[in-house]
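One structure is given below, encoded as structure tokens.
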Amino acid sequence: MTTIVKALRKYLDRIKPQFQPGGRLHAFESVFDGFETFLFTPTTTSRSGCNIHDSLDSKRVMIIVVLALIPCLLFGMYNIGYQHWLAIGSESFHFWELMAYGFCQIFWKLVVTYAVGLGIEFIVAQWRHEEIQEGFLVSGILIPLICPVETPIWMLAVATAFSVIFVKEVFGGTGYNIFNVALVTRAFLFFAYPSRMSGDEAFIALKSTLGLGEGQVVDGFTGATPLGQVATFVGDKLTLTNSVGDPLTYWDMFIGLIPGSVGETSTLCILIGAVILLATGIASWRIMLSVFAGGFLMGLIAHAFETTTYPATMLTALEQITLGGFAFAAVFMATDPVTAARTNTGKYVYGFLVGVIAIIIRTYNNGYPEGAMLAVLLMNSMAPLIDYCVVEGNIRRRLRRLNSKA
Amino acid sequence: MAISINLRKGLDINIRGAAPVSQPLPLMPARCAIVPDDYPGITPKVDVKEGDKVLAGTPLIHDKQFPDLRIVSPVAGTIEAVVRGERRKLERIVIVPDAENAEATVELPAKPTDATTAQRMLLDSGLWVQMRQRPYGIVPRPGTEPRDIFITSFDSAPLAADWEAFVSDKTEELTAAVELLKRLTPGNIYIGVRPGSKLTGVKGAEIVTVSGPHPAGNAGIQIANVKPVNKGDIVWTLDLPTLLRIGVLSLHSKLCSDIIVPLTGCEIKEPKYVLTKIGADMATLVKDQIYGDGAHHRIISGNVLTGIPVGKEGYLRAPYTQVTVIAEGDDVSDFLGWASMSPQKMSVSRSFPGHFLKKAFCPDARILGGRRAMILSGVYDKVLPMDIMPEYLIKACIARDLDRMEQLGIYEIVPEDLALCEYVDPSKLELQKILGEALDYMYKELN
């Protein structure tokens, strides 16, 4: 192992001059630098101030978030397969067959989002003569996870490109964006191609892939997500069903064997991710907690005033926070440190309002069953205002101290 | 009335190579140097030239605007060099101590009887420039009257010197120093001490007991938690060794330029205390002390957080009372370092196993990452025990927005208070430099 590493280091040192200004490949300087610092921790030492630094850097931060998303990704693959086999009326579910099918469905989406997003990042970094920033490592895995499985790949590419350029790069890159890049991608798809982003066809893969999952869709099949069913529900006794008409239990919803966007059906896997993020201290527990608190509270209120005009009021508070993208948004979207509130007090307010607004949109606006996405984006725009108020508090405290002395 | 503050925020960084308290080894330096950059707020005018004979206490430099502000020679000897850098900026004045009588001192002023003579005494003896004022962290301007004077009696930085261990029999001197300082302020003299300190015997001062991790020993942190600096306030700060020097001067009319310095850090063979002179050369101090392991070394005058890497040709710089030697680390190959689960990696992040180990680490000088925009939030707040929002203050500093800086409390803070923030920052920003430059800019604009 060490000899391979040494050889690699030697090789990099040998080809490095070509990538430096004046070298043959200097147009790829940032790309080379990106790969080099990825492989070997940079040997830059401090030039001013502190002589030592903490080992944590933004690469590790981003990788931990990616790690926290892996359970959702794996479960998403399984669920794609499961929903497919359910739709073709199968009685037996072979684990590896399901996984392989799901893998085939999701693999190219991951490849394309990363290629488009990182490609743009590489170009911009080179153009600005900067280091490549790691932000897209997370966005690139988030995007396929929050889109319906049947989203055409070209749409993903267009939406990702739009989002990376107009939401991130024009503001200055990672750390300067106002809106969450992955969520804007989703919103772009949602508003630009509404017919492919909702309805019965979007959330379950029906075609066979590489000979896997051949079969006819059974009679009585409906691919609606639970929230989709709620949105179109008329009547006064709501029963959520899976795609072949069997009623869903809390357990199904918690485990996540329901139709929905790839990564966000399983509350269990999202919670595993949450544990990783909180245990490592990467994500803010203040935000996560208050999103759930806000959503739960609003769910209770909505359920207390149950009405047939708004069928989503028939969902209990617990169903509200387990269904749809709510939990995913709470754990992975609202906690994006760049676009969330940055002050501690601000985080409580921000998170709470994300939770409340998500449920309000979902419940009282039947047009948008996915309230969590819009709630986070809305609060992204409000986060600086919340922080402003908190900072003003600090300023006022200082001013009062001055005046009380005088 | 004793004041007691308990700080929760902060961080004690556990580094190997602490010096056990013992009788310090006397070491007369081969050279001493005075570096004007160490005295912020002074525009140096040189009073000596190469070859001049000086005594301990002979003025070497005075300030252009306040000629009374002077930096004096720590030893008797010969001026070896007046080193100038780019655009003739004065870099340092080097003195070779006299082999026989390095202690010979200039005639010192008599014991002060009022504020004017007390000020005179501190200015003439060169002890004045060893104090600092807030705001701006500069040498106090003569003729100003501080609201209060804060003295910190302990250094909480990693591997720092235990100042108090060497003043146990000096209560009289310290009391005399407090008496002298009392003439200079209508306010209080506060001494920040650790719980259980013997310094409570020093009369005339308000004792502030401070518990909690670093930066508890920073005078600025103690001020912020006792009586914060408001706009328009001036507060002076000094450390225990300076207080002792003032006491010795006041009580015995003796100029003391001795300094007790621990040689610390992973790369020092045998960490220990040495007794030397202000401005001593590193070549004398670390001679035969560093492991000859072929690794690149970083020789720091001061602690790992705020100290200056001076190298073997450098000098002990004011106001530091410590030497730390660590590995430079620019020759280390760390494969996939971001993924490392090695227990050798030091971090405040719970994503590193090292976080949970109660052991001492051997960090090197790498910044261990790339410089980024501020991404994670709330990182700085955890290690800054002041009512200041560091992220916003730093942003105001970068934007050179004077009003905003003032509103967010820049008068209360100096770069050393942000050292821990800089250490923990995953975006690897140079916070101390940013704040230092902003303070300079502000001082120029407003004065």
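The values are calculated or read from the model by the stated rules, or taken from the named source; none is laboratory data. This one's a predicted model, so the numbers in the text were calculated from it and none came from an experiment. Note: ideal-geometry Cβ built from the backbone for every residue, glycine included; neighbour counts use all protein chains shown. When the accessible area is computed, the model is the full protein with side chains, heavy atoms only, and any ligands, DNA or RNA have been set aside. Shrake-Rupley method; radii C 1.70, N 1.55, O 1.52, S 1.80 Å.
From B:188, B:218, B:225, grab the single residue that is open to solvent by 40 Å² or more (accessible area, probe 1.4 Å), within 21 Å of the chain's Cα centre (by Cα) and touching a residue at least 24 places away in the same chain (Cβ under 8 Å).
Going through B:188, B:218, B:225 in turn, just one is open to solvent by 40 Å² or more (accessible area, probe 1.4 Å), within 21 Å of the chain's Cα centre (by Cα) and touching a residue at least 24 places away in the same chain (Cβ under 8 Å): B:225.
Quickly run through the stretch A:360-398 and pick out the residues that are charged (D, E, K, R) and surrounded by 16 or more Cβ atoms within 10 Å (Cβ to Cβ).
A:362, A:370, A:387, A:398 - these are the residues of the stretch A:360-398 that are charged (D, E, K, R) and surrounded by 16 or more Cβ atoms within 10 Å (Cβ to Cβ).
For residues in the stretch B:339-367 being more than 7 Å from chain A (Cβ to nearest Cβ) and under 12 Å from residue A:52 (Cβ atoms), which is most open to solvent (accessible area, probe 1.4 Å)?
Filtering the stretch B:339-367 for residues that are more than 7 Å from chain A (Cβ to nearest Cβ) and under 12 Å from residue A:52 (Cβ atoms), the one most open to solvent (accessible area, probe 1.4 Å) comes out as B:362.
Is it the case, given these coordinates, that residue A:146 is more than 14 Å from chain B (Cβ to nearest Cβ) and either exposed (fewer than 15 other Cβ atoms within 10 Å of the Cβ) or free of Cβ contacts under 8 Å to residues at least 60 places away in the same chain (or both)?
no
Give the residue, chosen from A:341, A:317, A:293, A:334, that is surrounded by fewer than 18 Cβ atoms within 10 Å (Cβ to Cβ) and in contact with a Phe, Trp or Tyr (Cβ under 8 Å, 6 or more places away or on another chain).
So the residue among A:341, A:317, A:293, A:334 that is surrounded by fewer than 18 Cβ atoms within 10 Å (Cβ to Cβ) and in contact with a Phe, Trp or Tyr (Cβ under 8 Å, 6 or more places away or on another chain) is A:293.
If the requirement is being open to solvent by less than 20 Å² (accessible area, probe 1.4 Å), in contact with a Cys (Cβ under 7 Å, 6 or more places away or on another chain) and of a type in the set (A, V, I, L, M, F, W, C), which of these qualifies: B:326, B:375?
Working: B:375 fails: in contact with a Cys (Cβ under 7 Å, 6 or more places away or on another chain).
Of the residues listed, the single one that is open to solvent by less than 20 Å² (accessible area, probe 1.4 Å), in contact with a Cys (Cβ under 7 Å, 6 or more places away or on another chain) and of a type in the set (A, V, I, L, M, F, W, C) is B:326.
Need the failing condition index for residue A:112 against (1) at pLDDT 90 or above; (2) crowded, with 23+ Cβ neighbours inside 10 Å, just the number.
The single condition residue A:112 does not satisfy is (2).
Does the stretch A:61-73 contain at least one residue that is farther than 18 Å from residue A:254 by Cα, open to solvent by 10 Å² or more (accessible area, probe 1.4 Å) and not β-branched (Val, Ile, Thr)?
There is at least one residue in the stretch A:61-73 that is farther than 18 Å from residue A:254 by Cα, open to solvent by 10 Å² or more (accessible area, probe 1.4 Å) and not β-branched (Val, Ile, Thr).
Do the conditions hold for residue B:69, that is, is it open to solvent by less than 50 Å² (accessible area, probe 1.4 Å), at pLDDT 90 or above and over 27 Å from residue B:274 (Cα atoms)?
Numbers: open to solvent by less than 50 Å² (accessible area, probe 1.4 Å): yes; at pLDDT 90 or above: yes; over 27 Å from residue B:274 (Cα atoms): yes.
So residue B:69 fits the description; yes.
Looking only at the stretch B:196-225, how many residues end up being farther than 27 Å from residue B:261 by Cβ and either away from chain A (no Cβ under 14 Å) or in contact with a Gly (Cβ under 8 Å, 6 or more places away or on another chain) (or both)?
Final tally of qualifying residues: 3.
If residue B:203 passes every condition in (1) assigned to a loop (DSSP other than H, G, I, E, B); (2) open to solvent by 20 Å² or more (accessible area, probe 1.4 Å); (3) more than 30 Å from residue B:108 (Cβ to Cβ) but one, which one does it miss?
(3)
Given the structure, is residue A:401 away from chain B (no Cβ under 14 Å), open to solvent by less than 70 Å² (accessible area, probe 1.4 Å) and touching a Pro at 6+ places or on another chain (Cβ under 8 Å)?
No: the conditions fail for residue A:401.
Hey, among the residues in the stretch A:149-176 that are within 14 Å of another protein chain (Cβ to nearest Cβ) and not in a helix (DSSP H, G or I), which one's modelled with the highest pLDDT?
A:176
Test of understanding: among B:404, B:372, B:350, B:400, which residue is more than 27 Å from the chain's Cα centre (by Cα) and in contact (Cβ under 8 Å) with a residue 40 or more places away in the chain?
Exactly one of B:404, B:372, B:350, B:400 is more than 27 Å from the chain's Cα centre (by Cα) and in contact (Cβ under 8 Å) with a residue 40 or more places away in the chain, namely B:372.
So in the stretch B:420-446, with the set limited to residues that are hydroxyl-bearing (Ser, Thr, Tyr) and open to solvent by 10 Å² or more (accessible area, probe 1.4 Å), which one is nearest to residue A:174 (Cα to Cα)?
Within the stretch B:420-446, the match that is nearest to residue A:174 (Cα to Cα) is B:441.
How do the pairs read when you match residues in the stretch A:186-209 that are closer than 17 Å to residue A:231 by Cα with residues anywhere that are assigned to a loop (DSSP other than H, G, I, E, B) and open to solvent by 70 Å² or more (accessible area, probe 1.4 Å), using Cβ under 9 Å and keeping only pairs 6 or more apart or on different chains?
A:190/A:368; A:195/A:201
Pick from A:90, A:48: which is open to solvent by 20 Å² or more (accessible area, probe 1.4 Å), within 11 Å of chain B (Cβ to nearest Cβ) and not in a helix (DSSP H, G or I)?
Going through A:90, A:48 in turn, just one is open to solvent by 20 Å² or more (accessible area, probe 1.4 Å), within 11 Å of chain B (Cβ to nearest Cβ) and not in a helix (DSSP H, G or I): A:48.
Residues that are within 30 Å of residue A:173 (Cα to Cα), at least 3 per element: which helices (runs of 4 or more DSSP H) completely within the stretch A:294-406 meet that?
Details: elements: A:317-322, A:344-364, A:371-405.
So the answer is A:344-364, A:371-405.
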